[in-house]
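One structure is given here, and the rest of the page talks about it.
No lab work stands behind these numbers, since they all come straight from the coordinates. The structure displayed is predicted, hence computed values, not measured ones. All Cβ positions, even for glycine, are placed from backbone atoms using ideal geometry, and neighbour counts span all protein chains on display.
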Amino acid sequence: MEQIRHLVTELPGPKARQLMERQQAAVAHGVSTLMPTFAVRAQDGIVEDVDGNRLIDLAAGIAVTSVGASAPKVVEAVQQQVSEFTHTCFMVTPYEGYVAVAEKLAEITPVAGPVRSALFNSGAEAVENAVKIARSFTGKQAVAAFDHAYHGRTSLTMSLTAKSMPYKHSFGPFAPEVYRVPGSYPFRDQLDGHQAAARAIEQLELHIGADNLAAVIMEPIQGEGGFIVPAPGFLKEIVQWCRENGVVFIADEVQTGFARTGRWFASEYEEVEPDIITTAKGIAGGMPLSAVTGRAEIMDAAHPGGLGGTYGGNPVACAAALGSMETIEERSLNQAALGIEKLVRTRLEAAQESDPRIGDIRGRGAMLAFELVDPETKSADAALTSAVATAARSAGVITLTCGSYGNVIRLLPPLTISDELLTEGLTVILEALADA
């Protein structure tokens, strides 16, 4: 596919408008969509819609298609597996692909010693099972999450998620024995890592108690909360406290994993060793797959039959994961992510010098964001953020927002995007900001 942004109609075009009418009639209104169009093809940095418009992809399906939406090795692996069999259920008649994915995860996951994995379908499902495993291992029930956290949309993971609208509003009651403590948000709390960790640990000890706490769960970079990178040392002190108090530390790497930040996992930047890592999104090049990977003694605490599911570790998704991880290695996509970071930071920092509405620029690798604020008060400017994102989408750039205050524009391009497309996409967004 030609890697050029090209609009042949306004968005939405005539075919997209027809599909929107069908969507309104057939799809539950709680399933909302951002782009005013419908995709038919995608490759590297371009998504083509039903009207023939080619759009620059700065979302990668929310960090899923990191290796590209139609990476050759993923496509080949999927086609081969589909021709052999699509399903047997690993718990009934197992197959090599599941084992091979678990072996590869053991090789790349930053957990020392013997490592085990269990495979599931979604990030939320991985988080749910990680909590189950931690509770089984410790014999304790309480779980602590952090301010600005996002861990999923199921009952338990909604409880762990911090943001009410749209994720929790009207969907209660929520799961018991879930607690929230303050994390580290350097731009807003102005605390260093030690200060933020001391505040969090005080709350853990005061309101929960280590004797009751099965697990602490945290995203090494908080995604939906605003791409918040904790202050240096924060995560290390939290993990150390967990080690000293018999608490399982779960790193939720659903959005940060698989080369997204320039390393296999964002935990590696913090020089910490989680007990359990949850992954999904970028693991399988767009096929539904997730994993819980951790220290063998913890992972093996659940009794036989206690983990699993009909579709968990589906053979087609496992084949895609092996193709995706091979692509990451062969195409040096960790290095590609670092190249994306350098290009994006250079553009955003130059823009920030002349536009004080860009309050903060943060992230790692190809997981980057900028926070829009009132220049005088530094208060969140969600209206400006929405206007910029809407204008960029109308101009043919797939743009996402996030943040607890709705004022962060996040950039999650495929790691295979060209510098030219990335530069053009940034230009569209920054021009939209200038015009807003």
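Determine the equivalent ellipsoid of region 252-351 by diagonalising the alpha-carbon gyration tensor, then write out the semi-axes as square roots of 5 times the eigenvalues, largest first, rounded to whole Å.
30, 17, 11
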Percent of C-alpha pairs per 5 Å bin, region 348-436, short to long: 3, 15, 27, 29, 18, 7, 2, 0
Net length gained if the chain between T427 and Q335 were fully extended (0.36 nm per residue, minus Cα distance): 30.8 nm
Within a Gaussian network of the chain (alpha carbon springs, distance under 10 Å), most fluctuating of P220, P14, P173: P173
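Once fully extended, how much extra length lies between H207 and T310, figured as 0.36 nm per residue of separation less the alpha-carbon to alpha-carbon distance?
33.3 nm
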Cα gyration tensor shape for the chain, rounded if a/c is under 1.5, else prolate or oblate: oblate
Region 105-146, Cα convex hull volume normalised per residue, Å³: 111
Within-11-Å neighbourhood charge of E10 [Cβ basis; K, R +1; D, E -1]: 0
Region 49-142: GluC sites (Glu not before Pro) in DSSP coil with no more than 10 other Cβ atoms inside 10 Å: none
Relative contact order, percent, the chain [alpha-carbon distance under 8 Å, six or more residues apart]: 22
Contour minus Cα-Cα distance for A26 and V82 (0.36 nm per residue): 17.2 nm
Check: the chain dipole with +1 on Lys, Arg Cβ and -1 on Asp, Glu Cβ, in debye: 780
Surrounding net charge for G425, when Lys and Arg each add one and Asp and Glu each subtract one, Cβ distance under 14 Å: -1
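Of the cross-linked pairs K140/K281; K104/K281; K168/K281; K104/K140, which ones have a Cα-Cα span greater than 26 Å in the structure shown?
K140/K281; K104/K140, as the Cα separations exceed 26 Å there.
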Reachable lysines, given that their alpha-carbon falls under 23 Å from the alpha-carbon of K15 and they are not under 8 places away in the same chain: none
Sorted by Cβ neighbour density within 10 Å, fewest at the top, the residues V408, V40, V31: V31, V40, V408
Cut-off 18 Å, label 7 Å out along Cα→Cβ of V92, residues of region 285-328 by amide N: 305-318
Three-way shape label, region 72-330, alpha-carbon gyration tensor, a/c 1.5: prolate
Theoretical FRET efficiency, 1/(1+(r/R0)^6), r = Cβ-Cβ of A387 and F187, R0 25 Å, to 0.05: 0.70
Farthest toward positive dipole pole in the chain [+1 Lys/Arg, -1 Asp/Glu at C-beta], among I250, A130, P94: P94
Helix-only [θ]222 nm of the chain, DSSP H runs n ≥ 4, -39500 (n - 2.57) each, per residue, nearest 500: -12000 deg cm²/dmol
Neighbourhood net charge (11 Å Cβ-Cβ; Lys/Arg +1, Asp/Glu -1) for V239: -4
Cβ-based exposure ranking for F38, F234, in which fewest neighbours within 10 Å come first: F38, F234
In nm, spacing of pseudo-spin labels at S354 and T9 (7 Å Cα→C-beta vector): 3.7
Region 286-327 shape via C-alpha gyration tensor axes, a/c threshold 1.5: oblate
Residue order, fewest to most beta carbons within 10 Å, for E376, E268: E376, E268
Label-point separation in nm, V40 to A436, each point 7 Å along Cα→Cβ: 3.2
